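The values are calculated or read from the model by the stated rules, or taken from the named source; none is laboratory data. Since the structure is predicted, the reported quantities are computational estimates derived from the model, not experimental observations. All Cβ positions, even for glycine, are placed from backbone atoms using ideal geometry, and neighbour counts span all protein chains on display.
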């Protein structure tokens, strides 16, 4: 992270960001594994801003697609938090961890949410796409996150502090296929450790609009709160997908 930020931030600021980054990582771990303890006191720990956009999407009857930056902030909390608030929610991912759902209370008497695993091959991804379409058709919520790449379509590039950053063209295409309202969603915490889930107004499910609104928002979060992302090692190594 220090290496990636040194071109854009003064040294003293990088020191502060680094300390905040370590605190974020520790807090993330603590909150995940303490979930069974604090889930029933959700209002004491979490603020959801922009929930009216979810309700409006539900009233239209076409479901909604919450879109976050991959490995940014506390996005992993969005699905379990919304499930506790009474929403029917699905979360997408590659499912590499066997405890993706169980560690969020699947084995306990909590409100349920579902996991859509898009796997490693074309068949798995076709199945996942169908599950997403069915969930949205049933007027439910799908939360997904978009990965970044060191190379890509120039139309999918976002402003970034270290080399080039392109959003995943495959997920942009999926958004265009499912044609559901896209609600940008970011989850960070304040100085007291309280989670803030912020949902933004709907964006048309077209690549150009997603980049104009979500792409700009994501770039701003990365610029103003770089401590809340876990992509730095992969970014500096220029790996395919972060």
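Pairs are defined by a Cβ separation below 8 Å, a sequence spacing of at least 6 or placement on different chains, a first member in region 122-138 that is in contact (Cβ under 8 Å) with a residue 12 or more places away in the chain, and a second member that is part of a helix (DSSP H, G or I) and buried (at least 17 other Cβ atoms within 10 Å of the Cβ); the pairs so defined are 129/174; 129/178; 132/174; 132/178; 133/178; 136/178. State whether the residues of region 115-129 include one that is closer than 29 Å to residue 189 by Cα, at pLDDT below 90 and in a loop (DSSP other than H, G, I, E, B). Yes; the residues of region 115-129 include at least one that is closer than 29 Å to residue 189 by Cα, at pLDDT below 90 and in a loop (DSSP other than H, G, I, E, B).
When the residues of region 12-22 are filtered to those that are surrounded by 10 or more Cβ atoms within 10 Å (Cβ to Cβ) and without any contact (Cβ under 8 Å) to a residue 12 or more places away in the chain, which remaining residue is nearest to the chain's Cα centre (by Cα)? Within region 12-22, the match that is nearest to the chain's Cα centre (by Cα) is 22.
Of all the residues in region 39-61, those that are touching a helix residue (DSSP H, G or I) at 6+ places or on another chain (Cβ under 7 Å) and either modelled with pLDDT under 90 or in a loop (DSSP other than H, G, I, E, B) (or both) number 1.
For (1) over 30 Å from residue 164 (Cβ atoms); (2) surrounded by 14 or more Cβ atoms within 10 Å (Cβ to Cβ); (3) within 21 Å of the chain's Cα centre (by Cα), each residue gets a yes or a no:
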{"residue": "6", "(1), (2), (3)": "no, no, no"}
{"residue": "67", "(1), (2), (3)": "no, yes, yes"}
{"residue": "76", "(1), (2), (3)": "no, yes, yes"}
{"residue": "87", "(1), (2), (3)": "yes, yes, yes"}
{"residue": "90", "(1), (2), (3)": "yes, yes, yes"}
{"residue": "94", "(1), (2), (3)": "no, no, yes"}
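Considering each residue of region 148-158 in turn, none proves to be modelled with pLDDT under 95, touching a strand residue (DSSP E or B) at 6+ places or on another chain (Cβ under 8 Å), closer than 30 Å to residue 114 by Cβ and not in a loop (DSSP other than H, G, I, E, B).
Determine whether region 195-208 contains at least one residue that is in contact with a helix residue (DSSP H, G or I) (Cβ under 6 Å, 6 or more places away or on another chain), more than 18 Å from residue 73 (Cβ to Cβ), modelled with pLDDT of 95 or more and in a helix (DSSP H, G or I). Yes.
Within region 168-194, the set of residues being at pLDDT 95 or above, closer than 25 Å to residue 127 by Cα and assigned to a strand (DSSP E or B) comprises 182, 183, 184, 185. Out of region 144-161, which residues are surrounded by fewer than 17 Cβ atoms within 10 Å (Cβ to Cβ) and touching a helix residue (DSSP H, G or I) at 6+ places or on another chain (Cβ under 7 Å)? Listed by number, the residues that qualify are 152, 153, 155, 159, 161. Among residues that are in contact with a helix residue (DSSP H, G or I) (Cβ under 9 Å, 6 or more places away or on another chain), within 17 Å of residue 230 (Cβ to Cβ) and loosely packed, with under 13 Cβ neighbours inside 10 Å, residue 29 is not included. Count of region 204-224 residues, restricted to those that are free of Cβ contacts under 8 Å to residues at least 40 places away in the same chain, over 16 Å from the mean Cα position of the chain (by Cα) and buried (at least 17 other Cβ atoms within 10 Å of the Cβ), is 0.
Candidates 168, 190: the one that is farther than 20 Å from residue 4 by Cα, without any contact (Cβ under 8 Å) to a residue 12 or more places away in the chain and surrounded by fewer than 20 Cβ atoms within 10 Å (Cβ to Cβ) is 190. Residue 103 fails exactly one of the following numbered conditions: (1) assigned to a loop (DSSP other than H, G, I, E, B); (2) surrounded by 15 or more Cβ atoms within 10 Å (Cβ to Cβ); (3) modelled with pLDDT under 60. What is the number of that condition? The one condition residue 103 does not meet is (1). Taking the listed residues 55, 60, the one that is loosely packed, with under 14 Cβ neighbours inside 10 Å and under 20 Å from residue 132 (Cβ atoms) is 60, with no other qualifying.
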